[in-house]
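Here's the structure we're looking at; comments come further down.
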Amino acid sequence: MSNLKEPSFRESVDLMFNRAVALMDLSPGLEEKIRVCNATYTVRFGVRLRGAIHTFTGYRSVHSEHMEPVKGGIRYSLGVNQDEVEALAALMTYKCALVEAPFGGSKGGLCIDPRQYEEHELELITRRFAYELAKRDLIHPSQNVPAPDMGTGEREMAWIADQYARMNTTDINARACVTGKPLNAGGIAGRVEATGRGVQYALQEFFRHPEDMAKAGLSGKLDGKTVIVQGLGNVGYHAAKFLSEEDGCKVIAVIERDGAIHDENGIDIEELRNWISRHDGVSGYPTGRYVKEGSKVLEEKCDILIPAALEGVINLSNAANVKAKLIIEAANGPITAGGDEILRKKGIVIIPDMYANAGGVTVSYFEWVKNLSHIRFGRMQRRQEESRHQLVVDELEKLSESLGKTWTLDPKFKEKYLKGAGELELVRSGLDDTMRTAYQSMREVWHERDDVTDLRTAAYLVSIAKVAASYRAKGL
Ligand code: GLU
């Protein structure tokens with residue numbers, strides 16, 4: 001973070017909110033009601049580890065309860081603090097509204113470096129934290145449903161779900177108390193990849209609109225576009241992998257904690273990820289050029305920059321040097337309010353976090369619905385769909401016979417057409433639809449209103465209008 005006068009993360013989110021709300025005509029007082037965080041619970045609890053009691057500090061913040069349950073991840077990081085958790089909770093409110101996931105916004109965090117602990121220690125800590133939150137309904141299928149975030153994943157969510165189930169032995173919907181669980185503990189296919197997949201779908205949708213591309217000085221297709229990714233964690237890894245393997249993008253640099261790898265020929269994401277997990281960093285990677293000061297690579301020329309790590313990485317100190325044409329915020333809050341202003345003036349198009357990384361919560365929504373309905377998606381329809389398609393294929397093959405096989409079905413078409421959609425296909429389809437629809441709602445505002453010159457403001461306008469409508473419907 002720069003030494004220049006930069007607001008805190010929460011202030012930064014508020015500033016962006018204020019910019020948007022100034023263009024709206026909300027009833028007096030409603031603006032503040034929406035902006036402020038409803039409540040933040042701080043807990044300090046002790047866990048006996050290695051012969052001594054260790055005290056941990058955790059938070060769960062509820063930003064808006066215009067819809068319940070409220071939703072948002074739990075982060076494990078030493079950088080967790082109240083300001084950050086509140087900023088992230090606010091972003092959850094806007095994110096859920098924008099993609100029409102029927103939740104209010106919440107976020108949690110625990111001040112901990114998870115890499116300092118053994119697995120069984122992390123389990124004790126997580127269960128204790130979950131106990132403290134569940135006891136106050138801050139984990140609850142109809143009140144507050146956490147999910148993974150930085151430093152947490154399926155494993156932690158499984159512990160949380162089990163802890164809640166132990167405390168609520170007769171709750172038939174106990175599994176819906178948290179999302180992002182492994183498949184064998186009530187999770188859903190495609191949740192782990194969901195946020196990265198959402199980034200891919202967001203870019204695919206952006207590239208369907210030549211007018212939007214032109215605003216960023218881009219044209220053509222995703223194929224061949226150069227990409228720089230910051231952070232090869234769950235989100236950055238999946239986004240980079242799908243964009244390079246499926247859309248033909250060339251990932252020319254990856255920035256990690258210990259530096260960056262730059263390679264104009266394109267980086268093999270799978271290989272680099274394997275290297276990182278074996279060597280705990282990118283340094284020493286045999287291909288490409290290693291750059292010690294990784295953050296400098298944010299300033300390199302590329303078509304698409306994907307910050308997928310921490311908040312505040314593009315700020316007053318470096319925004320002026322950023323040369324990317326398009327930035328897609330896979331992380332939450334990677335650009336400060338000051339940085340945002342500089343980038344906007346430079347004409348760089350930003351696909352904002354509340355939209356760009358909404359894939360995670362979207363698939364969390366599907367998981368929650370799956371848990372409440374107690375049935376896997378596709379279980380009822382899949383074979384029926386396949387048998388109906390078989391009927392068509394049989395008829396077409398008869399036709400082919402009657403034409404003396406002068407015309408035949410393409411075997412690839414046949415294989416694809418005959419395969420009924422399972423849970424993964426349905427989840428991806430629902431996610432793709434969500435990302436397309438939400439993008440279109442933002443771009444409509446972006447193009448139709450002269451006073452809206454960026455996608456972030458457009459995203460805020462769409463989501464605040466939805467939150468305001470819920471409040472009005474409640475009589476507030
Ligand atoms: N932590 C993710 C986010 O920031 C996912 C939240 C969720 O699935 O509830 O959007």
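The values are calculated or read from the model by the stated rules, or taken from the named source; none is laboratory data. Keep in mind it's a predicted model, so treat the numbers as computed, not measured. For neighbour counting, all protein chains shown are included, and Cβ atoms are generated from backbone atoms with ideal geometry for every residue, glycine included.
Some observations on this one:
- Filter pass, L218 being in contact (Cβ under 8 Å) with a residue 40 or more places away in the chain, buried (at least 17 other Cβ atoms within 10 Å of the Cβ) and away from the ligand (no atom under 15 Å from the Cβ): yes
- One residue stands out in the range 61-89 among those that are free of Cβ contacts under 8 Å to residues at least 60 places away in the same chain and either of a type in the set (D, E, K, R) or buried (at least 19 other Cβ atoms within 10 Å of the Cβ) (or both): the one that is nearest to the ligand (Cβ to nearest atom), namely A89.
- Selection of the range 447-476 for residues being over 18 Å from the mean Cα position of the chain (by Cα), hydrophobic (A, V, I, L, M, F, W, C) and closer than 14 Å to Y355 by Cα yields A458, L461, V462, I464.
- Among the residues of the range 261-279, those that are free of Cβ contacts under 8 Å to residues at least 40 places away in the same chain and in contact with a helix residue (DSSP H, G or I) (Cβ under 9 Å, 6 or more places away or on another chain) comprise I261, H262, G266, I267, D268, I269, E270.
- Filter result for G109 (within 16 Å of the ligand (Cβ to nearest atom), of a type outside the set (S, T, N, Q), touching a Lys or Arg at 6+ places or on another chain (Cβ under 6 Å) and under 26 Å from K474 (Cβ atoms)): no
- Any hit, the range 223-237, residues being among the aliphatic types (A, V, I, L, M), away from the ligand (no atom under 16 Å from the Cβ), in contact with a Gly (Cβ under 9 Å, 6 or more places away or on another chain) and over 24 Å from Q440 (Cα atoms): yes
- The range 157-186 residues that are of a type in the set (S, T, N, Q), paired with ones that are surrounded by fewer than 16 Cβ atoms within 10 Å (Cβ to Cβ) (beta carbon under 9 Å, 6 or more apart): N173/S142; N173/L372; N173/H374
- When restricted to residues that are touching a strand residue (DSSP E or B) at 6+ places or on another chain (Cβ under 9 Å), in a helix (DSSP H, G or I) and more than 15 Å from the ligand (Cβ to nearest atom), the range 158-197 contains 1.
- Evaluating G29 against the criteria (1) at positive phi; (2) away from the ligand (no atom under 16 Å from the Cβ); (3) in contact with a Cys (Cβ under 9 Å, 6 or more places away or on another chain) leaves one unmet condition, (3).
- R136 being assigned to a loop (DSSP other than H, G, I, E, B), more than 28 Å from D432 (Cβ to Cβ) and either touching a Gly at 6+ places or on another chain (Cβ under 9 Å) or not β-branched (V, I, T) (or both): yes
- Given (1) under 31 Å from the mean Cα position of the chain (by Cα); (2) farther than 30 Å from A174 by Cβ; (3) of a type in the set (A, V, I, L, M), number of the condition V369 does not satisfy: (2)
- Matching residues in the range 274-298 - criterion: being closer than 23 Å to E329 by Cα and either modelled with pLDDT under 95 or within 26 Å of the chain's Cα centre (by Cα) (or both): I276, G281, V282, G294, S295, K296, V297, L298
- Residue that is surrounded by the most Cβ atoms within 10 Å (Cβ to Cβ) [pool: residues in the range 91-111 that are under 30 Å from D280 (Cα atoms) and touching a helix residue (DSSP H, G or I) at 6+ places or on another chain (Cβ under 7 Å)]: K107
- Helices (runs of 4 or more DSSP H) lying entirely in the range 1-102 (those with 1 or more residues that are among the basic types (K, R) and more than 23 Å from the chain's Cα centre (by Cα)): 9-21, 30-35
- Positions within the range 111-132 being within 13 Å of Y76 (Cα to Cα) and either among the hydroxyl-bearing types (S, T, Y) or not in a helix (DSSP H, G or I) (or both), in sequence order: C111, I112, D113, Y117, T126
- Flag if M92 is in contact (Cβ under 8 Å) with a residue 40 or more places away in the chain and within 16 Å of the ligand (Cβ to nearest atom): yes
- Residue count for the range 258-280, restricted to those that are surrounded by 13 or more Cβ atoms within 10 Å (Cβ to Cβ) and assigned to a loop (DSSP other than H, G, I, E, B): 5.
- Number of the condition not met by V291 [criteria: (1) crowded, with 21+ Cβ neighbours inside 10 Å; (2) in contact with a strand residue (DSSP E or B) (Cβ under 7 Å, 6 or more places away or on another chain)]: (1)
- Scanning the range 447-469 for residues that are over 17 Å from G104 (Cβ atoms) and touching a strand residue (DSSP E or B) at 6+ places or on another chain (Cβ under 7 Å) yields D454, L455, R456.
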